[in-house]
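The values are calculated or read from the model by the stated rules, or taken from the named source; none is laboratory data. Values in this document were obtained by computation on a predicted structure and should not be read as measured data. Note that each Cβ is placed from the backbone with ideal geometry, even for glycine, and that neighbours are counted across all protein chains shown. To get the accessible areas, we keep the full protein, side chains included, count just its heavy atoms, and leave off ligands, DNA and RNA. Shrake-Rupley method; radii C 1.70, N 1.55, O 1.52, S 1.80 Å.
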Amino acid sequence: PVAELALTREALVLGALEHPGIVPTHLLLKDEEGKPALVMKRVDGRPWSEQVEEPVPPDELESHLRILMAVCRTIEYAHERGIVHLDLKPENIMTGRFGEVYVLDWGLAHRFQGAVQAPMARDIRHAMGTPAFMAPEQAKADGPAIGPWTDVFMLGGCLAACLRGGAPRDGTTLEELLMMAFMGEHSGFPSDAPPGLVAVAEEAMALLPEDRF
């Protein structure tokens, strides 16, 4: 039942978002067993995470920045519609052969305003997201503090992943990662990472929402 509800919620969110960076949703129905089924456009590509598993050389950073900019534009559109994604990470970004960039997995999306049929962010009462990327307010399950700035934090984490060759937080246990998220900490950057991009990532991942972009 929990999975069925999550699928239905994701379908309703996707049905309200029409953007080149979001896979089109065609139909929500019930199958022969009465379970929900979601019909979406078939897309081909590979996760962005496969391309950032090692620190990206400076001469290849531009292509990754273009992917990140496309993700930012998609998320900006979602914010205009009153929706926050809440699980942004390279694993949930798909890139295609012809320059397509899709933001996937909207199962944790909530609304902070508007009439889209999705749960309200202010009602969040438990930690949700990916601990290696989540914002402090997610780790604290502080629903009223969650908003567009929460996605901004994770976009900064995506940039950090390009510069680090992996998630912005290193931890050996779930508890360790959750504590780092709670405290707003990350694991730093390589010494040869471009200072300007490091500054952008650090501002996006500021502890306090008012200090982020």
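Taking every residue in the range 22-49 that is farther than 28 Å from P90 by Cα and pairing it with any residue that is surrounded by 12 or more Cβ atoms within 10 Å (Cβ to Cβ) and among the small types (G, A, S), at least 6 positions away or on another chain, the pairs with Cβ-Cβ distances below 7 Å are L29/A37; K30/A37; D31/A37.
Of the set (1) open to solvent by less than 30 Å² (accessible area, probe 1.4 Å); (2) hydrophobic (A, V, I, L, M, F, W, C); (3) touching a residue at least 60 places away in the same chain (Cβ under 8 Å); (4) under 21 Å from A206 (Cα atoms), all apply to C72 but (1).
The condition of being buried (at least 18 other Cβ atoms within 10 Å of the Cβ) and of a type outside the set (V, I, T) holds for only one of P190, P148, that being P148.
Taking the options E137, E175, E203, name whichever one is exposed (fewer than 15 other Cβ atoms within 10 Å of the Cβ) and over 21 Å from L68 (Cα atoms). None of the other options fit; the residue is E175. Note on the range 129-146: residues that are outside any helix (DSSP H, G or I) and on the phi < 0 side of the Ramachandran plot total 9.
For the range 101-119, check the following and say yes or no: at least one residue is open to solvent by less than 20 Å² (accessible area, probe 1.4 Å), touching a residue at least 24 places away in the same chain (Cβ under 8 Å) and part of a helix (DSSP H, G or I). No, the range 101-119 contains no residue that is open to solvent by less than 20 Å² (accessible area, probe 1.4 Å), touching a residue at least 24 places away in the same chain (Cβ under 8 Å) and part of a helix (DSSP H, G or I). The condition of being part of a helix (DSSP H, G or I) and open to solvent by 30 Å² or more (accessible area, probe 1.4 Å) holds for only one of L28, L12, that being L12.
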